[in-house]
Structures are given as structure tokens and as C-alpha cells.
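Contents: one structure, followed by commentary.
The values are calculated or read from the model by the stated rules, or taken from the named source; none is laboratory data. Keep in mind the model is a prediction, meaning the values are calculated, not measured. Neighbour counts run over all protein chains shown; Cβ positions are idealised from the backbone, glycine included. Note: areas computed on protein heavy atoms with side chains; ligands, DNA, RNA excluded. Shrake-Rupley method; radii C 1.70, N 1.55, O 1.52, S 1.80 Å.
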Amino acid sequence: MSKRDYYDVLGVAKTADAKQLKSAFRKKAMDCHPDRNPDDPTAEARFKELNEAYGILSDEQKRAAYDRMGHAAFEQGGGFGGASGAGFQDFSDIFSQIFGQGGGAAAGGFADMFGGRSGGGRRGSTVARGSDLRYELEITLEEAFRGKQIEIDVPIAEDCGRCDGSGAEPDATIETCDMCHGTGRVRTQQGFFTMERPCPKCGGAGEYISDPCRNCDGTGLERVDTALDVTIPAGVEDGTRIRLSGQGDQAPKRGAGSRQRGDLYLFVSVAPHDIFERDGANLFMRAPVPMTTAALGGEVEIPTIDGGRSKIKIAPGSQSGKRLRLRGKGMSVLRSEQRGDMYVELAVETPSRLTAKQRELLEEFAKECGDDVSPESRGFFDKAKRFWDELVD
């Protein structure tokens, strides 16, 4: 049976560039892949034909030879040898895009068939990594400003003290798994590909235990409360994640060639403060000011995050909402000697619970002042009057 034209197989014109060739191959490979067409007996043959066509046309020299001589360029004596197997040199990239990161099981089996890897399924050849842990830690705003050295207790998975991580009772027997023969992996053939997965009988350990440890139920691990010293740096913000490398769970001993601990992640939250609000390295606070001080001017003493006190000057006639800036009185900046600023917003406080004498004095003060001492109020009501007048007109 004569071979089909490679350009027809891929469904591209003879002028197609490398990008168009690759795009066409990826699309057709997904359509005719044997795993996607288990009921189509021709799928495997079509998939091989597609691989062969792309293998030739994706290589500039082979493509040039094919354009000159056709299929004869790859027959015996044609100068390039047989075309079977051509095109597999660049499939790790292609199959990783078709089947996901790393090529998935199908790409792994494909690499096994053509020498892409070896020994990947042997028990003891992999590094087992323990689970990562998460710890929620709440601190105060003052602690976030200063930084803090703290001891925390974390339940961490360690080798079981009763079985020393083996997962077996002291008198139990540990036998090699008869399904995977100790490799921890089993392979199955699915069409054109060899699929590899953990052994379902031993769970990838390569062995099974006649009498599992009563303390750890055969896992080889138990939770142990562990005290850890943690440094919270000055300037840390709410939601900061701190990684403690190698302070997470231990990996199971069974079935592992070498082991690596997981990591511990501290998620820091900063509790709300009664006085200060934070925005990055800056602090904001609202300072009540007596009406008389706002009118006549004066000084107000306010607290700072470092525990100190600062006096701010109130200019005569200050209004609510006026904001004053104190440079360098804000939060510490992470991994820096600098500090942010603090902004103080004035809130002029109206007197309440007046005595008869105080009320009399205020009424006399109001008569004496008139509208001249409240220009903003007068301006507002002048605008309101014009608004109403225009509605009447």
C-alpha cells in the first residue's frame, strides 16, 4: 500500500512554516490519539502515520529531501534510512503540551518505549517528600512594629516510636509485593502507550506488612507536638507568609530511597488596634480635639506606636478632617532601618452635657460672633438660598 503524502496527513500546505506544522500536528494528535478513540481500530495506525509525517517535515534537512524525492528519500538507500521512528526527537515538548506538565502517564510510557528514561519505577530510586504544614499566628500591631521571637507548638509527623517508621509490629513480617515485585510501580499497555502507576496492592511501597503497627496503623508516622523558635521580623504585614524550610512532616520510610521533610508555613495575621490603622508602612489615627482648642489653637499630646508621646500643634481655627503628618513615626519597614509616617486626623469635638452657666456663655458667644466667624457655613447657606431661588423662578 502506497504511503499518503505527508502534507496531506498533517492537513497543511507545502508552504507551511514550522509553527503551522506543529499546530496542525498537535490538533490532529489529540483527535486521533488511541486513548481518546478506544473503539476505533484504525486510531493507532493513523497516529503512527501522523508521527512519521511530522518527524520528517519538522526536520529541515529531511523535509528538503522529501520535497525533492518524496518517500523514496527515506527508503533503503535513500540517504536517510527508514522513516519509521523519525520525528520522536522533539516529542517531550509536544506531549507535555498535549497531555499536561511532564507529559502525564502517556508521555512517560512513550519515553520508556523509545529510551527517554530508565529506572523511573524502581523502588528506592525516588525521593519521598513529607507534607507541608500551615500554622496560623496572630500578633499585635506593636509586635509587628518591633518584631518578635516566639515559641510555637506544632504537631509534626515523625517516625513512629513503636515501629521506628517501618509500619510493622516488632514481630511482624514484611514481604515483597508479589504484584509489582518490589518496584512499587505497575505498567499496563494501552494502545500505543505504556502506562505506569503506583502499585494498587502495596500503594507504591513495594512491600506489605502482615501485622501493621498498632500505634501508627501501619503508616510509620505519628504526630508529635514539637516546640519551634520562630523569629517574626519587624515590619511584617498582615497576611505575610513565612516559610520554615524542612520543618514540616517527615516522609514515610517505607518505599522511599531517600527522604526529605516538608516545609512549615506561618501565616501571620495582625490584630486590629484600638488607636492606629495601618496602610503599608504608614499609620493613621483620629485625634479628638476640644472645640475651644480648635478655635483658639494649642497643643495635643498623642501616643506613637513605639510607646512614646508626641505633641502636635493645633492652629487656631482648625476644622474637623484636617490631617497632620508626623514623619518617621509610622511602622517599621521590613528588612530596612526606615519607618513610615503617621497621619493624625483632627476631629473637633462639640461640647455636650452643658451646665446652665456654660449654655448661657455659649449663647452669648453665638450672638457676639454672628456669621463672620463661620465662613464655610455662611457660604454653604448662601449657595442653598440661590438653589431654592432658581427652583422658584
| If ligands, DNA and RNA are left out, what is the accessible area of Val289 with a 1.4 Å probe, given in Å² to the nearest 10? | 0 Å²
| Residues of the stretch 161-244: accessible area per residue with a 1.4 Å probe, Å² | 56 Å²
| task | State the answer as a single residue: which of Val12, His33, Leu50 lies farthest towards the positive end of the charge dipole of the stretch 1-69, with beta carbon charges of +1 for Lys and Arg and -1 for Asp and Glu, about the Cα centre. | result | Val12
| Ignoring ligands and nucleic acids, what accessible area does Glu169 show with a 1.4 Å probe (Å², nearest 10)? | 10 Å²
| note | Convex hull around the C-alpha positions of the stretch 252-311: the volume in Å³ per residue is 135 Å³
| Distance in nm between pseudo-label sites at His71 and Glu364 (7 Å out along the Cβ direction from Cα) | 11.8 nm
| Any idea what the dipole of the stretch 245-393 comes to, in debye rounded to 20, about its Cα centre with Lys/Arg Cβ at +1 and Asp/Glu Cβ at -1? | 1200 debye
| Excluding ligands and nucleic acids, what accessible area in Å² is computed for Phe74 using a 1.4 Å probe, to the nearest 10? | 10 Å²
| query | Once the piece of chain linking Arg187 and Asp39 is laid out straight, how much longer is it, given 0.36 nm per residue of separation minus the C-alpha distance between them? | reply | 51.1 nm
| task | Considering only lysines 8 or more places apart in sequence, or on different chains, count the pairs in the stretch 316-393 whose C-alpha atoms sit under 25 Å apart. | result | 4
| field | Net length gained if the chain between Ser352 and Val392 were fully extended (0.36 nm per residue, minus Cα distance) | value | 10.5 nm
| Which of the lysines could a cross-linker bridge to Lys62, judged by Cα under 30 Å and excluding same-chain residues fewer than eight apart? | Lys3, Lys14, Lys19, Lys22, Lys27, Lys28, Lys48
| note | With a Förster distance of 22 angstrom and the Cβ-Cβ distance between Gln260 and Asp217, calculated FRET efficiency to the nearest 0.05 equals 0.40
| field | Spacing of the two label points (7 Å from each Cα toward its C-beta) at Arg26 and Ile152, in nm | value | 4.1 nm
| Does the stretch 148-225 come out rounded, prolate or oblate by the C-alpha gyration tensor, with a ≥ b ≥ c the root eigenvalues, rounded set by a/c under 1.5 and, if not, prolate when a/b is larger than b/c and oblate if not? | oblate
| query | If you take the beta carbon distance between Lys311 and Ile275 as r and set R0 to 22 Å, what does 1/(1 + (r/R0)^6) give as a FRET efficiency, to the nearest 0.05? | reply | 0.85
| query | How large is Rg over Rh for the stretch 250-393, taking Rg from the Cα atoms and Rh as the Kirkwood inverse mean of 1/r across Cα pairs? | reply | 1.31
| Fully extended contour minus Cα-Cα distance, from Asp178 to Arg378, at 0.36 nm per residue | 62.4 nm
| Where the only charges are on Cβ atoms (+1 Lys, Arg; -1 Asp, Glu), what is the dipole of the stretch 139-223 about its Cα centre, to the nearest 20 debye? | 500 debye
| field | Net charge over other residues, Cβ less than 12 angstrom from the Cβ of Lys62 (K, R count +1; D, E count -1) | value | -2
